[in-house]
Amino acid sequence: MFYLRLAANNIRANKRIFVPFIIATTFLTIMNIVMMTSYFSANDMFKQASDSTQAAAAQLFLYGGFIIAGFSLILAWYANSFLLKQRTKQLATYNVIGFGKMGLWRMVAGELFLSYLVTVVLGTVFGAAFSRLTYLVLRKILYLPKTLDFGINPRPLLLAAGLMALIFVWLLVLDSIWLARHRPIEMLRDASAGEREPKTRWLMLLFGILTLGAGYAIAIAITKPLAAFQYFLLAVALVIVGTYALFIAGSVFIFKWLRTRKNYYYQPAHFINTSNMIHRMQQNGTGLASITILATMTLVTIATTVTLYTGVDQIVDVENPADVTYSLWMKKGKPVHESAVNQFVAKAARQHHVSIDKRTTLIRDGNFPTVINNGKIRRATNSDYVQLAGPADGSGSSDFLTFDHYKLVRPNTKPMRADEVLLAPSTSQRPRTLRFGNTIYRVRIIKHMPYTVNNTANPESMLVFANQQQMTHAAQKIGFKTTKKQSPFFPQTFVYLDVSGTQKNQRAFTSALQNNKLAKAGQLNMALSRATSRLAILQWMSSFLFMGILLGMMFIMSTALILYYKQISEGLADVKRYAVLQQVGLSRDEVKRTINSQLLTLFYVPLVVAAVHTFVAAPFVHRILTMFGLSNGRFYLEIIGITLAVFALVYVLIYRATSNVYFRIVSGPRRNS
């Protein structure tokens, strides 16, 4: 009990550093409870979706849970390291007056135990309440039925308490190792030791320039969506490493360079700040780099998930060329039971209060993997999709149609010549001729591809030939074998409906097309609709948005904690310096101006660098987003700009709050100027 009372007294006496630690661990507990609750409730939230969607949603929340758990471990370690560093002199004093290392260990263990109890109690109460609030938000954005209720699930609460227990045990192990390695005399010497001027680390500076430049080069140079997805993690790793190296080595170099500029250096505010920064920038660099990376992660995560959520309609339009789509059974190149299917579709539309405004039929004779580039077309191979810089230029798929089938959707098209093909390209290329092996066709460009799903990850072109013989000849020339018994062509008839009706009625109509005797017999296949697709995509993107908000809150909390601890550590390190300066004549107002100048240099630089990182990464991330069907790059930049403005406001508020702590520590009791 003695050590527990002593631990409680220590927490009260050092509440300036213990309260932020407990707030941080409580926040981590809340985040873990919310994510775990979402994981255990995924099947209920997505009850109206398919089994595969339920499983995928559960995996998404599970993945998010692992990220938050891992981040909780790192952030708790950082906060605990700060506690030890700030209490070095106190622990050494306890050791000198008679506390052995076992006594110190028991005291530290008592402090962690009491902190854990407060963390679990507060985290459980607020975590359960926040989970309920989260459910209300998710029910709104996921269109969940009002009858669905989360309730309070004890499993997330117990798992979160267990996770935090493991984290606190790990912190105790780290503290034990730290106590075992340090002697009291060394602790007192370390606490009072002065800091030497660091040398300029030229190799680290060069390494930072090269790694950051390489990360930027990948983000700028790679323009293919699949390649961007492939190299994303590499680019991120290079930028992170380069940022740390440049903040540690580059900042020392910059401040030493500023010291050589007499017009800048020999001014009261600049003289003091530059001298301080030179001596402590090695430690400052690590903290500032961490803030920069966290800020960048916050901006990219929130901006990307918000873009996915707000771009749902754009994704739906890309994936669904009509309000309702279905295919018919083909036999000997012609649709069968078409009349029966049409009658059933009309009847189902009436039953579900859906009006069919337009019906269009399109017959695709075949779809082939192709590469169209520099006026040539050839059959695509596996090597075209596994290249170092992404798929080969012009690679994708091509729909082959005869002119008779094309006229079903474009009846007013000008007749074709025998040596001519109609081309609706998936890229900006507009060749005048197209070479199929040793055969050259003149090209007439189709400005708009009718009823084609054109996802950037797999660009789709359309080729229209004058007749079946010409189409077969062209397929043979680019490597597709055609015999009397074997044909590469597999004609499919697609019916596209433009309909009117509520989203709910359109979903019911689509469900009727998917579940009936004709569908079971294979006469009516692949029934899809924008309404059904929109609901499924909206649920998915809402889940991503939810994850992005939680992770963004985690990153912001981490940034605030690092800023706060940094202000305290900097203030305690600077208090003697500024006391001496005040004793030799520096007024309180001059101290405040000097402090503001130093803090502006220290804490606004990460925000500026994070903004640069984000805008350099924006085109790179957008290329990945095009795989989802989001091709509007300007819209993504606008979202980033709004996110940056909001984050900058939050960052400034955090800075204002924490800078007051620094100023109170450094300036000390109010003196007469």
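Values as computed for the structure displayed
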read-out	value
Any hit, region 498-505, residues being over 21 Å from V354 (Cα atoms), in a loop (DSSP other than H, G, I, E, B) and not basic (K, R)	no
Candidates L226, L205 - the one that is in a helix (DSSP H, G or I), at pLDDT below 90 and open to solvent by 30 Å² or more (accessible area, probe 1.4 Å)	L226
Single unsatisfied condition, G396 versus (1) touching a Pro at 6+ places or on another chain (Cβ under 9 Å); (2) surrounded by fewer than 19 Cβ atoms within 10 Å (Cβ to Cβ)	(2)
Enumerated helices (runs of 4 or more DSSP H) restricted to region 1-115, each holding at least 2 residues that are among the polar types (S, T, N, Q), modelled with pLDDT of 75 or more and closer than 30 Å to R534 by Cβ	15-40
Positions within region 417-448 being closer than 24 Å to L362 by Cα, open to solvent by less than 30 Å² (accessible area, probe 1.4 Å) and not in a strand (DSSP E or B), in sequence order	P425, I446
Pairs, first open to solvent by 90 Å² or more (accessible area, probe 1.4 Å) in region 325-339, second modelled with pLDDT under 70, C-beta under 7 Å, six or more apart	W329/V336
Set T301, T305, T296, T292: member being modelled with pLDDT of 90 or more, touching a helix residue (DSSP H, G or I) at 6+ places or on another chain (Cβ under 9 Å) and over 28 Å from V499 (Cα atoms)	T296
Count - residues of region 447-469 that are of a type in the set (V, I, T), over 21 Å from Y385 (Cα atoms) and modelled with pLDDT under 75	1
Every residue from region 52-90 that is surrounded by 18 or more Cβ atoms within 10 Å (Cβ to Cβ) and farther than 23 Å from T25 by Cα	A57, A58, L60
Sole residue being modelled with pLDDT of 85 or more and either in a helix (DSSP H, G or I) or open to solvent by 30 Å² or more (accessible area, probe 1.4 Å) (or both), chosen from T472, T493	T472
Among (1) farther than 13 Å from M471 by Cβ; (2) open to solvent by 20 Å² or more (accessible area, probe 1.4 Å), the one test that A380 misses	(2)
Sole residue being buried (at least 16 other Cβ atoms within 10 Å of the Cβ) and basic (K, R), chosen from R350, R364, R359	R364
Odd one out for V318 among (1) part of a helix (DSSP H, G or I); (2) modelled with pLDDT of 85 or more; (3) open to solvent by 10 Å² or more (accessible area, probe 1.4 Å)	(2)
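The values are calculated or read from the model by the stated rules, or taken from the named source; none is laboratory data. Note that this is a predicted model, so its numbers are computed, not measured. Glycine also receives a Cβ, built like all others from the backbone with ideal geometry; neighbour counts cover every protein chain displayed. For accessibility, only protein heavy atoms count, side chains too; no ligands or nucleic acids. Shrake-Rupley method; radii C 1.70, N 1.55, O 1.52, S 1.80 Å.
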